[in-house]
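Take a look at the structure set out below.
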Amino acid sequence: MQGSATVVSKKFPVVLGRILLRWVFTKADLVFFIYRIVWYAFYARSSMNSSVDFFESLIDEDGRFSELNCQEPTQRAPRRRPNVQRIRPQIQAENVNNGGGLSVSPPNTISQRELTTLVSNCYNVPTSPCGSKSSTPSPTALPTTPPGTATLDPNWQATKVTIRDRNAAMFNNQLMADVTFIVGPPGHIQVIPAHKYVLATGSSVFYAMFYGGLAECKQEIEVPDVEPSAFLTLLKYLYCDEIQLEADTVLSTLYVAKKYFVPHVARACVNYLETSLTAKNACLLLSQSRLFEEPELMQRCWEVIDAQAEMALTSDGFIDIDVSTLESVLARETLNCKEINLFEAALAWAQAECVRREIEPTPTNKRAMLGSAIYLVRFPTMTLEEFANSAAQLEILTPQETIDIFLHFTAATKPQLSYPIKARTGLKAQICHRFQSCAYRSNQWRYRGRCDSIQFCVDKRIFVVGFGLYGSSNGAADYNVKIELKRLGRVLAENNTKFFSDGSSSTFHVYFENPIQIEPECLYTASAVLDGSELSYFGQEGLTEVYMGTVTFQFHCSSESTNGTGVQGGQIPELIYYGPTVNAAIVNVNTNDD
């Protein structure tokens, strides 16, 4: 028994040592913490001014106890401990994956609750898919709050199903923004945050600006030549794949789309302008399309100006065009207007130019504003009465020029003039025939003041000038006629006039005062009420479609027709119009009635 007690007493220190070592290894963190306390107590006493600083130093030195915060590095003062060698243990746990690779565990473990707090404190996320526009700041101060409506939801991505939705959430938002644009002229600037990656993927100009050989390094980029609303429209497309155009900003949006080479937005702007093109804005849009180098838009503008020249020249936008566009209008051979109207429009432009330059609009100054453009006005093609009562008395021409033009009108030997003497050719009217033949019967088709009406539509813009009508089949006769053109029940144009029918089967043309613009794919109603000789010609073998080279007409019966006119037969055999040049013969198809 004594021997056994001796053996136990000898093994007891060994067993106790093993237990102590096992406890030490299981409590490594506590031992390391005690070690750091002892180490700082003896070697870093000079750097610890207080107990708070002491424990803060412990937490800073050990990555496992680091604070989670969102302060910028510049917001926290660096801590200096001279002559102290910092010892940071390198802890790396490696786990072998099934695929044979290594998985490195990070030294810091952040709980889900801590992550939620971190994101909530750091970011403001917009609640709407595309945020909202930031308010316009003062010219001297940038906004202190980020644009867009903020939310504290840290899991905002979960509500965005598609990548478009997630990109849209970044639109005009400071969340993760890495560039800021100062957009607009001084006094009207707007600060717009953006993300280089999104911009670069949608524009080659932005790509070169941020990732090219001469990449922009500044975080704030000034864009004084662009309207903020137009810039936001461009960004809305780049982020959200949406194009929202408005009449007041479409031209500035076209400019910014050209500036940053986003052709899809530019094309959308041109299409918008083409569909809203009228005689009132055609001249101004022509000036802008020349500036933006948009030949298709220029061609559409010229079509309107040629056909409705008098309306276009008297529009408010004409006096705002540049001098180069003025010269191109005055030189236009196909303008469908009188020369006196063109001269009066040129004078109105010169008057406005004097006002813009803040000089008195005297005849001498107006002539100076016109410059060489005055020699594009064809004074000799006016009537003698028009020239004598207008141009000759306005002192725009020199006395010698006035005398020479009068001699051109009256003298047998005409003087040499500096002005063109050949009249403009204007536009050639085209005629769409909707019947293949006409006929008459002794007891059929009488005009007694009842309405003949037909509906039609076209696939390209045209300008209706008037109608061709049938007359008497019983000898020469006079007719009173009222013609109308309607759309959706609204009268676009009408004219009450007379025409003389010689008793033949030929059609007789009746015109409106001005050409009427007809938009593609819209239904219009052409009507005529004739009062005269009862027995008349009428059309037959009517066509539902007529191809006029580049324009296709479609005809439909009208409920307003009370005299028997329809697609198959009746009155209004012709539509007279201005439009694209006829390049092919008429092709007739589908002669069945609707």
Reduced to Cα centres, the span from the range 280-352 to the range 474-530 in Å works out to 29 Å
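Working with all protein chains in place, sort Arg448, Arg424 by solvent-accessible area computed with a 1.4 Å probe, largest first.
Working: Arg448 130, Arg424 35 Å².
In descending accessible area the options line up as Arg448, Arg424.
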Note, Ala477: beta-carbon cut-off 13 Å, +1 each Lys/Arg, -1 each Asp/Glu, net -2
With a 1.4 angstrom probe the carbon and sulfur portion of accessible area for the range 310-368, in percent, totals 50 percent
Here FRET efficiency (C-beta to C-beta, Glu519 to Asn155, R₀ 45 Å, nearest 0.05) is 0.35
Residues whose modelled amide H sits under 5 Å from the amide H of Cys451, counting only those 5 or more places away in sequence or on another chain, are Thr562, Asn563
Whole-percent carbon and sulfur contribution to the accessible surface of the range 518-564 (1.4 Å, no ligands, DNA or RNA) stands at 48 percent
Taking a ≥ b ≥ c as the square roots of the eigenvalues of the Cα gyration tensor, with a/c under 1.5 meaning rounded and otherwise prolate when a/b exceeds b/c and oblate if not, the range 163-210 is oblate
For the pair Arg166 and Glu216, the simple spin-label estimate (label points 7 Å beyond Cα toward Cβ) gives in nm 2.6 nm
Sorted by chain and then number, the residues having a modelled amide H within less than 5 Å of the amide H of Ile221, at least 5 places away or on another chain, are Thr180, Phe181, Ile182
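If r is the Cβ-Cβ distance from Thr425 to Asn365 and R0 is 35 Å, what FRET efficiency results, to the nearest 0.05?
Details: r = 33 Å, r/R0 = 0.95.
It comes out at approximately 0.60.
At 1.4 Å probe size, with every protein chain present, just tell me what the per residue accessible area of the range 460-554 comes to in Å². Let's see the in-between values first.
Details: 3900 Å² over 95 residues.
Result: 41 Å² of accessible area for each residue.
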Expected field for Glu296, accessible surface area in Å² at 1.4 Å probe radius, rounded to 10, holds 100 Å²
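Figure the gain on full extension for Thr278 and Asn341 (residue separation times 0.36 nm, minus the Cα-Cα span) and round it to one decimal in nm. Present the calculation step by step, with values, prior to reporting the outcome.
Values: separation 63, 0.36 × 63 = 22.68 nm, distance 1.87 nm.
Result: 20.8 nm gained on full extension.
Run the accessible area of the range 437-478 with a 1.4 Å probe and give the carbon-and-sulfur part as a rounded percent.
Details: 650 of 1660 Å².
Whole-percent figure for carbon plus sulfur exposure: 39.
What is the Å³ per residue value for the convex hull set by the Cα atoms of the range 391-532? Please list the in-between numbers first.
Numbers: hull volume 28.9 nm³, N = 142.
Value for the range 391-532: 203 Å³ per residue.
The values are calculated or read from the model by the stated rules, or taken from the named source; none is laboratory data. Bear in mind that the values here come from a model prediction, so they are computed numbers and not experimental data. For neighbour counting, all protein chains shown are included, and Cβ atoms are generated from backbone atoms with ideal geometry for every residue, glycine included. SASA here: full protein model, heavy atoms, side chains in, ligands and nucleic acids out. Shrake-Rupley method; radii C 1.70, N 1.55, O 1.52, S 1.80 Å.
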